[in-house]
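The values are calculated or read from the model by the stated rules, or taken from the named source; none is laboratory data. Treat the numbers as computed from the prediction; the structure is a model and nothing was measured. Cβ coordinates were reconstructed from backbone atoms using ideal geometry, including for glycine residues, and neighbour counts include every protein chain displayed.
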Amino acid sequence: MQITRQADYAVRAVLHLARVGNNERSATSTVAKEQNIPPSFLAKIISQLSIAGLLHTSRGARGGVTLAREPKDITLLEVVEAIDGPIQLNECVGNTGACTFDENCPIKPVWCDAQDELVTRLKNTNFAQMLV
């Protein structure tokens with residue numbers, strides 16, 4: 001399993017903004033340049049993160065982008081899911097009837113446990129922890 005490049009860029013953009021500070025605006029061009037993110041791609045990412053309530057954006061000469069909440073209140077899971085949607089290692093996880101083996105499958109519990117561990121790890125990791 002691999003997160004999308006878009007989710008990776010989103011994580012790097014949010015981490016950049018966490019480093020800048022919650023009250024400081026950063027121009028999207030600065031974020032794009034410092035994080036090696038194509039500007040047109042970043043614009044789409046910023047829009048998705050804003051819709052998810054993770055960022056505030058403002059236009060104009062003094063515009064830019066800021067975190068909508070403190071870094072300690074934004075989790076890695078929120079950012080990844082804002083871009084990629086809910087994490088699902090296999091279609092059978094959380095989707096009863098997706099597989100003909102369903103509950104008789106010896107592999108399904110492994111997928112379910114692995115997904116639970118991943119989701120828990122991402123949920124318990126916030127951006128303040130990554131500022132160290």
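Looking at 82, 7, 18, can you tell me which residue is over 23 Å from residue 117 (Cα atoms) and touching a residue at least 60 places away in the same chain (Cβ under 8 Å)? So the residue among 82, 7, 18 that is over 23 Å from residue 117 (Cα atoms) and touching a residue at least 60 places away in the same chain (Cβ under 8 Å) is 18. Taking the criterion of being at pLDDT 95 or above and in a helix (DSSP H, G or I), would at least one residue in the range 101-111 satisfy it? No - not one qualifying residue is present in the range 101-111.
Being part of a loop (DSSP other than H, G, I, E, B) and either surrounded by 14 or more Cβ atoms within 10 Å (Cβ to Cβ) or among the aromatic types (Phe, Trp, Tyr) (or both) is the filter; apply it to the range 23-56 and report the residue that is farthest from the chain's Cα centre (by Cα). Result: 25. Of the residues 64, 60, which single one is farther than 20 Å from residue 130 by Cα, buried (at least 19 other Cβ atoms within 10 Å of the Cβ) and modelled with pLDDT under 95? None of the other options fit; the residue is 64.
Applying the set (1) assigned to a helix (DSSP H, G or I); (2) aliphatic (A, V, I, L, M); (3) at pLDDT below 95 to residue 13 leaves exactly one unmet item: (3).
Return yes or no: is residue 95 in contact with a helix residue (DSSP H, G or I) (Cβ under 7 Å, 6 or more places away or on another chain), not in a strand (DSSP E or B) and not aliphatic (A, V, I, L, M)? No.
Against the numbered list (1) free of Cβ contacts under 8 Å to residues at least 60 places away in the same chain; (2) in contact with a strand residue (DSSP E or B) (Cβ under 8 Å, 6 or more places away or on another chain), residue 76 comes up short only at (1). Please find, within the range 67-97, the residue that is nearest to residue 51 (Cα to Cα) out of those that are surrounded by fewer than 12 Cβ atoms within 10 Å (Cβ to Cβ) and either of a type outside the set (Val, Ile, Thr) or modelled with pLDDT of 95 or more (or both). If we take residues in the range 67-97 being surrounded by fewer than 12 Cβ atoms within 10 Å (Cβ to Cβ) and either of a type outside the set (Val, Ile, Thr) or modelled with pLDDT of 95 or more (or both), then 85 is nearest to residue 51 (Cα to Cα). Residues being at pLDDT 95 or above and touching a strand residue (DSSP E or B) at 6+ places or on another chain (Cβ under 8 Å) are entirely absent from the range 32-44.
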